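Step one of this worksheet: look at the structure below.
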Amino acid sequence: MSGGVIIIGASHAGSQTAVSLRQAGYAGVVTVIGDEAPLPYHRPPLSKDFLSGEKSIDDILIRPAATYAGADISMRLSTRVGAIDRKAKTVLTDDGHALTYDKLVLATGARVRRLPVSGEDLAGVYYLRDSADVTAIKARAQTAKTAVIIGGGYIGLETAASLRKQGLNVTVLEAMPRILQRVTAPVMSDFYRRIHTEEGVQILENVMAAEIQASKDRLNVITACDKTLPADMVIIGIGVIPNTDLAEAAGLTIGNGIAVNEFCQTSDPDIYAAGDVTWHHNPIYDNHIRLESVPNATEQGKTVAAHITGNPKPYNSLPWFWSDQFDLKLQIAGLSSGYDDVIIRGNNESGRSFAAFYFKDDKFIAVDAVNAPRDFMFGKMSLTKGANLDKQKLVDSEIDLKSTVIKP
Ligand SMILES: Cc1cc2nc3c(=O)[nH]c(=O)nc-3n(C[C@H](O)[C@H](O)[C@H](O)COP(=O)(O)OP(=O)(O)OC[C@H]3O[C@@H](n4cnc5c(N)ncnc54)[C@H](O)[C@@H]3O)c2cc1C
């Protein structure tokens, strides 16, 4: 097979790149190679509606099969790429094919970080990244009564909420002093601790898992402080590592991910990267970052397609994200890291709807909005426009959001 665009990774970034290429009029061969069996599917529902059984794999497909067929996009699923030969401009698949490309796109995403303790590979211990993982978790959850979740980040907490809703007794272990510590302010951690506790989830912070032992048909999680937590199943969610191996072996520049420019080109101009795997410059924050978010994967897929089809549009998107737990829809716009002040609007202490606005050097930088879509939309729009907000007005929820904008 010769020429065209080959995309490695059949998920959010890969699917978007392929479809955007066709939408932009690309007439060459487009091939998407992915090592999972299903067509590209939405990954966020895995820890939410797919885990709770409300949605099937068909319900969460990003696009139906007919879209790829209709756009003449060749989907080579259950196929892994083992190597890239940049000189010959070929990729080698594990089933022994060498495919030639004009342009190559690495949309290889990320894989789970493994917990470095003994017993993490026992039967009944799960990681959560793909639909096969969650299918196995769902099967076990049908008979399990008790689950221990190691990791109190968004995925751990969403999984806790889904399993709790199914009636399991759930304990979350977080090694850091507070849940969500890596990604948000203490006020958000306090809020989610309260909600989970109210819903019957046990949250243990500052507690490290030291070992997992099999005990008859159950498991015991042994903590570093020598506590034993019995469980029918254990789920580990302690973050991900970008899949940079192929790029590294091919000699491309790597940072905290595959380094790309504003057009998502790697250090080889014929090779692009998009999605969770990229280490890119965000012009809004003037910082090099790696994002784990669907909107980023989608936008970067579009950026790649635009550049390949000769209509370059530099990537310039505001990071945004969401998380669903119980009846709470958290929407996040911007990056709060480095903040020095947080203004709360609404009732975070006893209610279930509020927003946290983050500031750095008196400049508005991010918002976390819980069941507060107007605050989210307003914050997102203000950040996109570079508008600053008046903290004194913001704190008073009687004052209309629009009048909190500081006129330049
Ligand atoms: C449980 C869960 C919940 C999430 N919730 C949210 C949320 O609420 N909101 C949000 O914005 N984001 C969420 N995310 C993150 C979001 O899913 C990711 O940001 C998104 O999937 C990134 O898409 P991607 O295409 O870059 O990479 P991925 O989705 O990681 O896909 C990469 C694909 O490439 C394949 N691959 C890798 N190497 C090879 C190879 N050598 N050959 C062939 N195939 C290969 C992988 O198997 C995978 O299928 C969640 C993620 C998970 C796991």
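No value in this document is a laboratory result; all are computed from the given coordinates. Bear in mind that the values here come from a model prediction, so they are computed numbers and not experimental data. Glycine also receives a Cβ, built like all others from the backbone with ideal geometry; neighbour counts cover every protein chain displayed.
By the scheme Lys and Arg +1, Asp and Glu -1, what is the net charge of all other residues having a beta-carbon under 12 Å from that of Asp362?
Working: positive: Lys360, Lys363, Lys391; negative: Asp340, Asp341, Asp361, Asp390.
Result for the neighbourhood of Asp362: -1.
The aspartates and glutamates within cross-link reach of Lys216, meaning a Cα-to-Cα straight distance under 19 Å and a gap of 8 or more places when in the same chain, are Glu120, Asp121, Asp232.
At 222 nm, what helix-only mean residue ellipticity would the chain give, in deg cm²/dmol to the nearest 500, using -39500 (n - 2.57) for each DSSP H run of four or more? Walk me through the numbers on the way to the answer.
Working: 9 runs with 91 residues, N = 408.
So the calculated ellipticity at 222 nm is -6500 deg cm²/dmol.
Computed over the chain with a Gaussian network model linking Cα atoms closer than 10 Å, the most mobile of Ser78, Ser350, Ser267 is Ser350. For the residue pairs Lys48/Lys227; Lys360/Lys385; Lys48/Lys402; Lys329/Lys391; Lys313/Lys363; Lys48/Lys145, the C-alpha atoms sit more than 22 angstrom apart in Lys48/Lys227; Lys48/Lys402; Lys329/Lys391; Lys313/Lys363.
Look at where the Cα atoms of the stretch 357-408 and of the stretch 152-206 average out, and the two centres are 27 Å apart.
Only beta bridges with both residues in the chain are counted; by DSSP, about 60 percent of them are antiparallel. Taking trypsin sites (Lys or Arg not before Pro) across the stretch 1-87, the ones in a DSSP loop with at most 11 further Cβ atoms lying within 10 angstrom of their Cβ are Lys87.
Under a Gaussian network description of the chain, with springs only between Cα atoms under 10 Å, the residue in Gly346, Gly338, Gly237 that fluctuates furthest is Gly338.
Each residue of the stretch 151-168 was assigned a 3J(HN,Hα) from its phi angle through the Karplus curve 6.51 cos²θ - 1.76 cosθ + 1.60 (θ = phi - 60°); the sequence is x, x, x, 4, 5, x, 6, 5, 5, 4, 4, 5, 6, 5, 4, 8, x, 7 Hz, with glycine and proline shown as x. Between the stretch 74-129 and the stretch 17-54, what is the separation of their alpha carbon centroids in Å? Here the answer is 15 Å between Cα centres. Comparing Glu120, Glu299, Glu248 in a Gaussian network model of the chain, where Cα atoms under 10 Å apart are tied by springs, the biggest mean-square fluctuation is seen for Glu248. Using alpha carbons only, how many angstrom separate the centre of the stretch 287-333 from the centre of the stretch 218-232? The stretch 287-333 and the stretch 218-232 have Cα centres spaced 38 Å from each other.
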